[in-house]
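**Q** Below is a structure I'd like to ask you about.
The values are calculated or read from the model by the stated rules, or taken from the named source; none is laboratory data. Everything numeric here is computed off the predicted structure, so don't read it as measured data. Every residue, glycine among them, receives a Cβ derived from its backbone with ideal geometry; neighbour counts consider all protein chains shown. The accessibility values were calculated without ligands, DNA or RNA, using every heavy atom of the protein model including side chains. Shrake-Rupley method; radii C 1.70, N 1.55, O 1.52, S 1.80 Å.
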Amino acid sequence: MNKEKKSIKRREFLKGSLVATGALAIFGTGAFVLDKESAANVPRENHLRPPGAIDEDNFLYGCIKCGLCVQICPVQAIKLSGAKEGLAFGTPYIEPRQQPCDFSCDALQCIETCPTAVLNFVPFKEAGLKAVEEAAAQPGVDMSQVNPFEIQKVAMKQEVRMGKASVNKSTCLAHREQGFKGISRGSEFKGIYRSPDDANASASPLNEREFDREICNLCITECPIGEKAIYQKLSRSGKLVPHVLDGCTGCGVCQMVCPTENASIVVEPY
Ligand code: SF4
Ligand code: SF4
Ligand code: SF4
């Protein structure tokens, strides 16, 4: 091959490369826009994200599907979604009726371990530090006698907003003025949680607990957040019923423990 032919071939190669690069750039931009549009169409109702998740569109793009949050969760509350979820394939979610986040890791470890910050630790760190400052400012408090980590961990879990629980009045036993006695989800149920009765113990199986309530209130007594999230309210018709407040974290423990066939209290993701 002479020098001139070589030069023509080189020019054609460079021209071809430029066209290909340009086409890829245009296609890539188009694909991004298309994917972004289809992201908005992914059904969200099952996507209760782990604590600290940023807004859904950015979460879908930022999560690298590494599964570290799945691995670190001590109660294995976090799962990775399957192929039918489209763009959400491989992203983490929680199905609280089967296994909620019960905060038994104490320090929101899924958030701390997330390498991309789509589980964003910043608001939790700030809430923890603010709570310690407020405790120190209380008159008569000797901070040398207080464990700041205890204050921080309570403030951090109270800051979580995965969703908010909602009661189905037509099936809730309390709304029907009924009690509950027995193992709430049956002896075969595999879910675990740390009961507020023994807040320092690790999680144990729900099926090891027998309840006996004149009026059902399991969602209230087993809530890891307590009265900032849910309390027993006297309704206008004189019934003692569960009432959910804005302090609900959406952890889903209530949804797991509820003894009705289909949960009468369900977390709606934010
Ligand atoms: S740790 Fe973060 S990046 Fe990894 S799967 Fe979980 S949310 Fe996604
Ligand atoms: S546990 Fe279920 S049935 Fe019982 S009071 Fe709560 S929502 Fe109602
Ligand atoms: S009411 Fe309590 S147990 Fe239920 S989702 Fe809210 S914080 Fe969790």
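**Q** Taking LEU234, is it farther than 23 Å from PRO74 by Cβ, away from ligand 3 (no atom under 15 Å from the Cβ) and free of Cβ contacts under 8 Å to residues at least 60 places away in the same chain? Outline the logic, then answer.
**A** Details: farther than 23 Å from PRO74 by Cβ: yes; away from ligand 3 (no atom under 15 Å from the Cβ): yes; free of Cβ contacts under 8 Å to residues at least 60 places away in the same chain: yes.
So LEU234 fits the description; yes.
**Q** Restricting to the range 101-127, and then to whatever is within 13 Å of ligand 1 (Cβ to nearest atom) and assigned to a helix (DSSP H, G or I), can you tell me which residue is most open to solvent (accessible area, probe 1.4 Å)?
**A** This residue is GLU112.
**Q** Quick check: is even one residue across the range 167-176 under 30 Å from ALA53 (Cβ atoms), loosely packed, with under 15 Cβ neighbours inside 10 Å and within 14 Å of ligand 2 (Cβ to nearest atom)?
**A** Quick first cut of the range 167-176, residues under 30 Å from ALA53 (Cβ atoms) only: 167-169, 171-172.
Still in the running and loosely packed, with under 15 Cβ neighbours inside 10 Å: 168-169.
If we keep only those that are within 14 Å of ligand 2 (Cβ to nearest atom) as well, we get 168-169.
Checking the range 167-176: at least one residue is under 30 Å from ALA53 (Cβ atoms), loosely packed, with under 15 Cβ neighbours inside 10 Å and within 14 Å of ligand 2 (Cβ to nearest atom).
**Q** If the requirement is being within 13 Å of ligand 2 (Cβ to nearest atom), open to solvent by 50 Å² or more (accessible area, probe 1.4 Å) and at pLDDT 95 or above, which of these qualifies: GLN255, GLN232? Steps first, please.
**A** Working: GLN255 fails: open to solvent by 50 Å² or more (accessible area, probe 1.4 Å).
Answer to the check: GLN232.
**Q** Scan the range 238-260 and report the pairs whose first residue is assigned by TED's automatic domain parsing to the domain that holds CYS219 and whose second residue is within 16 Å of ligand 1 (Cβ to nearest atom), with Cβ atoms within less than 6 Å and a gap of 6+ or a chain change.
**A** THR249/VAL160; GLY250/MET162; CYS251/CYS101
**Q** Six or more apart or on different chains, Cβ atoms under 8 Å: show the pairs whose first residue is in the range 106-122 and under 13 Å from GLU159 (Cβ atoms) and modelled with pLDDT under 95 and whose second is aromatic (Phe, Trp, Tyr) and not in a helix (DSSP H, G or I).
**A** Listed by first residue and then by second, the contacts come to LEU108/PHE121.
**Q** Considering every residue within the range 199-213, establish whether at least one is among the charged types (D, E, K, R) and closer than 25 Å to PRO51 by Cα. It would help to see each step written out before you state the result.
**A** So the first thing to find is which residues in the range 199-213 are among the charged types (D, E, K, R), and the list is 208-210, 212-213.
Imposing the further condition that a residue be closer than 25 Å to PRO51 by Cα reduces the set to none.
No, the range 199-213 contains no residue that is among the charged types (D, E, K, R) and closer than 25 Å to PRO51 by Cα.
**Q** Restricting to the range 177-198, name every residue that is under 22 Å from ASP106 (Cα atoms) and loosely packed, with under 12 Cβ neighbours inside 10 Å.
**A** Initial filter on the range 177-198 (under 22 Å from ASP106 (Cα atoms)): 190-198.
Passing the criteria: LYS190, ASP197, ASP198.
**Q** Let me ask another. Anything in the range 84-100 that is within 12 Å of ligand 1 (Cβ to nearest atom), closer than 19 Å to LYS190 by Cβ and either part of a helix (DSSP H, G or I) or not β-branched (Val, Ile, Thr) (or both)? List them, or say none.
**A** Correct list: TYR93 only.
**Q** Within the range 51-81, how many residues turn out to be open to solvent by 30 Å² or more (accessible area, probe 1.4 Å) and either within 16 Å of ligand 3 (Cβ to nearest atom) or part of a helix (DSSP H, G or I) (or both)?
**A** If we filter the range 51-81 for residues that are open to solvent by 30 Å² or more (accessible area, probe 1.4 Å), which is where we start, we get 53-58, 61, 64-66, 68, 70-72, 74, 76, 79-80.
Checking which are either within 16 Å of ligand 3 (Cβ to nearest atom) or part of a helix (DSSP H, G or I) (or both) leaves us with 53, 56-58, 61, 68, 70-72.
Residues that pass the stated criteria total 9.
Here's the yes/no breakdown for (1) closer than 19 Å to SER195 by Cβ; (2) within 16 Å of ligand 2 (Cβ to nearest atom); (3) open to solvent by 40 Å² or more (accessible area, probe 1.4 Å):
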{"site": "LYS84", "(1), (2), (3)": "no, no, yes"}
{"site": "LEU87", "(1), (2), (3)": "no, no, yes"}
{"site": "THR91", "(1), (2), (3)": "no, no, no"}
{"site": "LEU129", "(1), (2), (3)": "no, no, yes"}
{"site": "ASP142", "(1), (2), (3)": "no, no, yes"}
{"site": "ASN147", "(1), (2), (3)": "no, no, yes"}
{"site": "ALA155", "(1), (2), (3)": "no, no, no"}
{"site": "VAL160", "(1), (2), (3)": "yes, no, no"}
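**Q** Does ALA136 count as in contact (Cβ under 8 Å) with a residue 12 or more places away in the chain and away from ligand 2 (no atom under 16 Å from the Cβ)? Reasoning before the result, please.
**A** Numbers: in contact (Cβ under 8 Å) with a residue 12 or more places away in the chain: no; away from ligand 2 (no atom under 16 Å from the Cβ): yes.
No; evaluated as a whole, the condition is false for this residue.
**Q** Residue by residue through the range 258-270, note down the ones that are under 11 Å from the mean Cα position of the chain (by Cα) and either more than 12 Å from MET162 (Cα to Cα) or buried (at least 23 other Cβ atoms within 10 Å of the Cβ) (or both).
**A** VAL267 - this is the single residue of the range 258-270 that is under 11 Å from the mean Cα position of the chain (by Cα) and either more than 12 Å from MET162 (Cα to Cα) or buried (at least 23 other Cβ atoms within 10 Å of the Cβ) (or both).
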